[in-house]
Amino acid sequence: MKKELVNLSNNYIANIGVSYIKLHNLHWNVVGHQFKAVHEYLESLYDALADVLDEVAEILKMDGEMPLGSLKKYLEVASIEELEDKDYSVQESLEIVLKDLEQLKAQAEAIRKLADEEDHYGLVASMEDQLGNYRKNIWFIKAMLK
């Protein structure tokens, strides 16, 4: 695996890790009329991200590469930012998640493209699955925000 693909994958892992914690923050602190539905939806998102984190890290390990595995490293390289501990409205929560999912989708697209150029079919397949999930959840969130 070329260094550029390793770096893109590790940056993606970092953003997944930060997003995972960020989704917990929103899950615990969302307030408003649709609290229960959004609270449960956010839980489903962070559960899914845990699987993504593991899958991408394992792909790197299978190729003899070292995936990032510490919060310290995640915060050094992630472009997705943490959130303050406070209450977030349903609307605000969904807008934050939408922005982050769109960023993760763009990263997955870039990784998929480079992995395809390198004939790394396992990573291509993983990113295609993730892209389908991002697309569906972006649609869900946009529908909830109407």
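The values are calculated or read from the model by the stated rules, or taken from the named source; none is laboratory data. Bear in mind the structure is a predicted one, so any value in this text is a computation, not a measurement. No Cβ is skipped: glycine too gets one built from the backbone with ideal geometry, and neighbour counts run over all protein chains shown. Each accessible area value is taken on the protein alone, full model and side chains, heavy atoms only, with ligands, DNA and RNA left out. Shrake-Rupley method; radii C 1.70, N 1.55, O 1.52, S 1.80 Å.
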For residue 36, the lysines lying under 22 Å Cα to Cα, once residues fewer than eight places off in the same chain are dropped, come out as 22, 86, 99, 136, 142, 146
Given unit charges at Cβ for Lys, Arg (+) and Asp, Glu (-), the dipole magnitude of the range 1-116 about its Cα centre in debye, nearest 20, is 280
Extension length gain for residue 145 and residue 4 (0.36 nm per residue less Cα distance), in nm, is 47.1 nm
Computed Rg/Rh for the chain (Cα atoms; Rh = Kirkwood radius) stands at 0.99
For the range 46-138, averaging the sequence separation of alpha carbon pairs under 8 Å that lie six or more residues apart and dividing by its residue count, the contact order in percent is 28
Share of accessible surface on carbon and sulfur in the range 77-146, whole %, 1.4 Å probe and ligands ignored, is 48
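Where only protein heavy atoms count, and the probe is 1.4 Å, what is the accessible area per residue for the chain in Å²?
Numbers: 8180 Å² over 146 residues.
That works out to 56 Å² for each residue.
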In nanometres, the difference between 0.36 nm per residue of separation and the alpha-carbon distance of residue 102 and residue 118 is 3.3 nm
For the range 73-146, shape from the Cα gyration tensor axes a ≥ b ≥ c, cut at a/c of 1.5 then a/b versus b/c, turns out oblate
Listed by chain and number, the aspartates and glutamates with an alpha carbon less than 18 angstrom from that of residue 61, same-chain partners under 8 positions apart left out, are 4, 51, 118, 119
The long-range amide H neighbours of residue 31, using H built 1.01 Å from N in the peptide plane and a cut-off of under 5 Å, are 88, 89, 90
Sorting 32, 48, 70 by the position of each Cα along the dipole of the range 11-75 (Lys, Arg +1; Asp, Glu -1; all at Cβ), the one nearest the positive end of that ordering is 32
In this structure, the FRET efficiency calculated for residue 70 and residue 31 from their beta-carbon separation, with R0 = 30 Å, to the nearest 0.05, is 0.40
With -39,500 (n - 2.57) per DSSP H segment of 4 or more residues and division by the full residue count of the chain, the 222 nm estimate, nearest 500 deg cm²/dmol, is -27500 deg cm²/dmol
Extension length gain for residue 136 and residue 24 (0.36 nm per residue less Cα distance), in nm, is 38.3 nm
For residue 89 and residue 129, extending 7 Å from Cα along the Cα-Cβ vector and measuring point to point gives, in nm, a value of 3.8
